[in-house]
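All remarks here apply to the structure that follows.
Every read-out reported here was derived from the displayed coordinates using simple, explicitly stated rules and does not represent laboratory data. Keep in mind that this is a model prediction, so the values were computed, not measured.
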Amino acid sequence: MYEYLGGFILWKRYPSERTKPKNPELELVHQKISASMKALKAKLSEQDYELIEELSDLNDVLISILSASDYISGYKAGALTIIEIIDGI
């Protein structure tokens, strides 16, 4: 019953991996990040670039965890609001 939400709770799902919004601003930011990564790859040693890639990957995981936490908090707040409304009827 809670398989989808439970996936977020158990960190089996990462919101950033599941959604691909069609937003021009998001696409522009993605292109800038890609261009910056290519420039860094050309300028840095292989070892330094691997550190940058690892940092980028860790940042993606952090953003996913925070997004899941915010989603769950919002879901709980919505559920509590509905319960209060139903109790008041």
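Run the reach check for LYS22 against lysines, Cα to Cα strictly under 19 Å, same-chain hits fewer than 8 apart removed. What comes back? Qualifying lysines at Cα under 19 Å: LYS32. Database remark: amide H of LEU44 closer than 5 angstrom to no amide H (H placed geometrically; neighbours at sequence offset of 5 or more, or on other chains; Pro and chain starts carry no H). Starting from the Cα gyration tensor of the stretch 21-89, take the square roots of the eigenvalues, sort them a ≥ b ≥ c, and report rounded, prolate or oblate (rounded when a/c is under 1.5, otherwise prolate if a/b is larger than b/c, else oblate). Oblate shape, in that a/c is at least 1.5 and b/c is the bigger or equal ratio. Within the same chain, aspartates and glutamates fewer than 8 places from LYS41 are excluded, and of the rest, those with a Cα less than 12 Å from its Cα are GLU50, GLU53.
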